[in-house]
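The values are calculated or read from the model by the stated rules, or taken from the named source; none is laboratory data. The structure presented is a predicted model; accordingly, all values stated were derived computationally and were not measured. Neighbour counts are summed over all protein chains in view; Cβ atoms, including those assigned to glycine, are modelled from backbone coordinates with ideal geometry.
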Amino acid sequence: MALGFIGTGEITKAVVIGLSTVAGDKPDIILSPRNGQIAGELAARFANVTVAASNQAVIDAADMLFLALRPLGAGEILKTLTFRAGQHVVSFMATYDVAAIRALVAPADTVTLVTPLPAVAFHGGPTPIYPPDDEIVAMFSPLGTAVAVETPEEYQALCVATSTLAGAFAYYETIADWLEAKNVPADKARAFSGAVFYALAATAKNAPHLNFSELTLESATKGGTNEQVVKLLKERGVYNALNDGMDAIWERFENAKK
Ligand SMILES: NC(=O)c1ccc[n+]([C@@H]2O[C@H](COP(=O)([O-])OP(=O)(O)OC[C@H]3O[C@@H](n4cnc5c(N)ncnc54)[C@H](OP(=O)(O)O)[C@@H]3O)[C@@H](O)[C@H]2O)c1
């Protein structure tokens, strides 16, 4: 089966690298010519990747199409293209719901919404999928963790949760900066704060039976330093602010639909 990508930017690059480096057979991938530099680099790097002459040539040659255009103006671009019945269209564009994509790609009949994160390139990306589709789950599972959900609301909630990544990095930046302020050299502060980040991720991954509340309790020895810091963060409203941030992004998504 040939996979076609319309819009060869950062997320297409990550997905194509991920799909082209899985174990076993690699899918045939056809890229739209824009962005020329990224498309050219991917085709030069992977034998299973080619660049088509136009967006329409991608659609004509592929069975499954991935839409990875910037949301603004994507509708106008897609209206100029002709899809065919039997094609499966996968949209990465978060602000378009299934009905909106379906209207743009008819008579293509199957539409799936997917929000991969750049970490799919090294097979470490969590990927929300809606509606559940066995083929798409099988494709994205080797690229990290595919999470297929049953309702548009659940999908939107997962997409909102992906807005917290920069905030999480900034948390570890604060630790590294604090270490530097205490005269720990910058490279050691970066290495140490990063190692704490990786250790926590590995701890959570290795204990899927524990929820985050249990992991928090396990890390906060009674009367200990972790308990003191988490109590202060709660009192100062750090986690309420994170919640408010996600509520604000939910509202932004709702307003984008109007
Ligand atoms: N980046 C992420 O982490 C991520 C994750 C999940 C979903 N998404 C969604 O995926 C979509 C793409 O995001 P992105 O970060 O990959 O954006 P991006 O890097 O800006 O890529 C968009 C690509 O579309 C190309 N393009 C512009 N006009 C085109 C046309 N008429 N025909 C074909 N291609 C055209 C652009 O080429 P030029 O460079 O030449 O303008 C660019 O390479 C967005 O809707 C975004 O919300 C992104």
Determine the pairs where a residue that is under 23 Å from A100 (Cα atoms) and touching a residue at least 40 places away in the same chain (Cβ under 8 Å), located within region 43-67, has a partner that is loosely packed, with under 15 Cβ neighbours inside 10 Å and not β-branched (V, I, T) with Cβ atoms under 9 Å apart, the partner being 6 or more residues away or on another chain.
I59/R84; A62/M1; D63/M1; D63/G86; M64/M1; M64/E135
I need a count of the residues in region 82-93 that are among the small types (G, A, S), surrounded by 18 or more Cβ atoms within 10 Å (Cβ to Cβ) and part of a loop (DSSP other than H, G, I, E, B).
0
Check K205 against each of (1) at pLDDT 95 or above; (2) under 22 Å from G125 (Cβ atoms) and name the one condition it does not meet.
(1)
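Looking at V238, V196 in this structure, which one is surrounded by 11 or more Cβ atoms within 10 Å (Cβ to Cβ) and within 22 Å of G125 (Cα to Cα)? Steps first, please.
Details: V238 fails: within 22 Å of G125 (Cα to Cα).
The match here is V196.
Take the residues in region 205-218 that are under 26 Å from the mean Cα position of the chain (by Cα) and surrounded by 13 or more Cβ atoms within 10 Å (Cβ to Cβ); name whichever of them is farthest from L165 (Cα to Cα). Steps first, answer last, please.
Our first condition is that a residue be under 26 Å from the mean Cα position of the chain (by Cα); within region 205-218, this holds for 205-213, 215-216.
Applying the additional criterion that residues be surrounded by 13 or more Cβ atoms within 10 Å (Cβ to Cβ) yields 210, 215-216.
Numbers: L210: 22, L215: 20, T216: 19 Å.
The residue in question is L210.
Just wondering, is there one or more residues in region 50-61 that are under 28 Å from E154 (Cβ atoms), outside the structural domain of I249 (by TED's automatic domain parsing) and more than 12 Å from the ligand (Cβ to nearest atom)? Write out each step before concluding.
Step one: list which residues in region 50-61 are under 28 Å from E154 (Cβ atoms), which gives none.
Taking every residue of region 50-61 in turn, none turns out to be under 28 Å from E154 (Cβ atoms), outside the structural domain of I249 (by TED's automatic domain parsing) and more than 12 Å from the ligand (Cβ to nearest atom).
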Are any residues in region 1-46 basic (K, R) and more than 10 Å from the ligand (Cβ to nearest atom), and if so, which ones?
K26, R45
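Go through G73, G4, G9 for me and flag whichever is free of Cβ contacts under 8 Å to residues at least 12 places away in the same chain and within 23 Å of the chain's Cα centre (by Cα).
Numbers: G4 fails: free of Cβ contacts under 8 Å to residues at least 12 places away in the same chain; G9 fails: free of Cβ contacts under 8 Å to residues at least 12 places away in the same chain.
Going through G73, G4, G9 in turn, just one is free of Cβ contacts under 8 Å to residues at least 12 places away in the same chain and within 23 Å of the chain's Cα centre (by Cα): G73.
Please go through region 170-182 and pick out each residue that is exposed (fewer than 12 other Cβ atoms within 10 Å of the Cβ) and closer than 16 Å to V196 by Cα. So that I can check it myself, show each step before the final result.
Residues of region 170-182 that are exposed (fewer than 12 other Cβ atoms within 10 Å of the Cβ), as a first pass: 170, 174, 181-182.
Residues satisfying the conditions are A170, T174.
Select from region 62-95 the residues that are basic (K, R) and more than 9 Å from the ligand (Cβ to nearest atom) and list them in ascending order.
Looking only at region 62-95, we keep the residues that are basic (K, R), and these are 70, 79, 84.
Residues satisfying the conditions are K79, R84.
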